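Comments concern the structure below.
The values are calculated or read from the model by the stated rules, or taken from the named source; none is laboratory data. Keep in mind that what you see is a predicted model, and the values were worked out from it rather than measured. Counting neighbours? That spans all protein chains shown, and the Cβs are built from the backbone with ideal geometry, glycine included.
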C-alpha cells in the first residue's frame, strides 16, 4: 500500500505503508520547533542540525517558524556512513570505536555540525525508528539525542514502539525540547 491521506474537517492521518502519523503528532513536532525557535531568537542564538531517524522533521519544525533564518543556520540528514563523511566531513578514523545510534555518536555529530556552521548550538539525533531495529543491535524506538554548545547534554530514548512515523515524531519532539532545556539552563 502506498501513501494515503485520511481525514475530516479538523484532523488527518497520513498512512505510509501501514504506518500512520496524525496531525496530533505533527502538531507536537511543530509546536516544539516553534518553542525552540522562539527561545533561540529571543537570545539571538543559532542552531545547526544533524538528523538521522527523524529524517528532516527537526529542521522542518524550526524552518516552519517565520523568521527562522535568524536562528537556523543549516542542517543535514546523516542517515548513512556515506552521509556522515560527505555531509559532516567525518572520516573513518574520526569515528573508530563509536557506534551509530549511541550517545557518543550523537554528541560527536552535534559538536561537528555546530563547528561546521559556527552555531551557538549543534543538535543531533540518531536512532532506529522502526518497524525493526537497526543493524547495530538497537530495537525500534531507540534513539540518542545530543545538544552541543553552552550547556551540552546527551540522552537515550526508548519509546518501546515499532511505529516508524510515531517514533520519528517522538524523537524530533524530544530533541527540540532538550534544546530548549539546555538553552534555558
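Any chance region 106-126 includes a residue that's touching a residue at least 24 places away in the same chain (Cβ under 8 Å), in contact with a helix residue (DSSP H, G or I) (Cβ under 8 Å, 6 or more places away or on another chain) and closer than 21 Å to residue 26 by Cβ? So far as region 106-126 goes, yes, one or more of its residues are touching a residue at least 24 places away in the same chain (Cβ under 8 Å), in contact with a helix residue (DSSP H, G or I) (Cβ under 8 Å, 6 or more places away or on another chain) and closer than 21 Å to residue 26 by Cβ.
Checked against the criterion of being modelled with pLDDT of 95 or more, surrounded by 21 or more Cβ atoms within 10 Å (Cβ to Cβ), more than 23 Å from residue 159 (Cα to Cα) and touching a helix residue (DSSP H, G or I) at 6+ places or on another chain (Cβ under 6 Å), region 76-87 has at least one qualifying residue. Residues in region 40-59 that are without any contact (Cβ under 8 Å) to a residue 60 or more places away in the chain, at negative phi and touching a strand residue (DSSP E or B) at 6+ places or on another chain (Cβ under 8 Å): 59 alone. Mind counting the residues in region 142-168 that are touching a strand residue (DSSP E or B) at 6+ places or on another chain (Cβ under 6 Å) and surrounded by 24 or more Cβ atoms within 10 Å (Cβ to Cβ)? Qualifying residue count, region 142-168: 7. Against the conditions (1) part of a loop (DSSP other than H, G, I, E, B); (2) under 18 Å from residue 35 (Cβ atoms), residue 147 satisfies every one except (1).
Residue 95 fulfils the conditions (1) under 19 Å from the mean Cα position of the chain (by Cα); (2) surrounded by 13 or more Cβ atoms within 10 Å (Cβ to Cβ) except for a single criterion, (1). Here residue 95 does not fit the description of being under 17 Å from residue 45 (Cβ atoms) and touching a helix residue (DSSP H, G or I) at 6+ places or on another chain (Cβ under 8 Å). Mind checking which residues of region 151-176 are part of a strand (DSSP E or B) and in contact with a helix residue (DSSP H, G or I) (Cβ under 7 Å, 6 or more places away or on another chain)? Selection gives 153, 154, 155, 156, 157.
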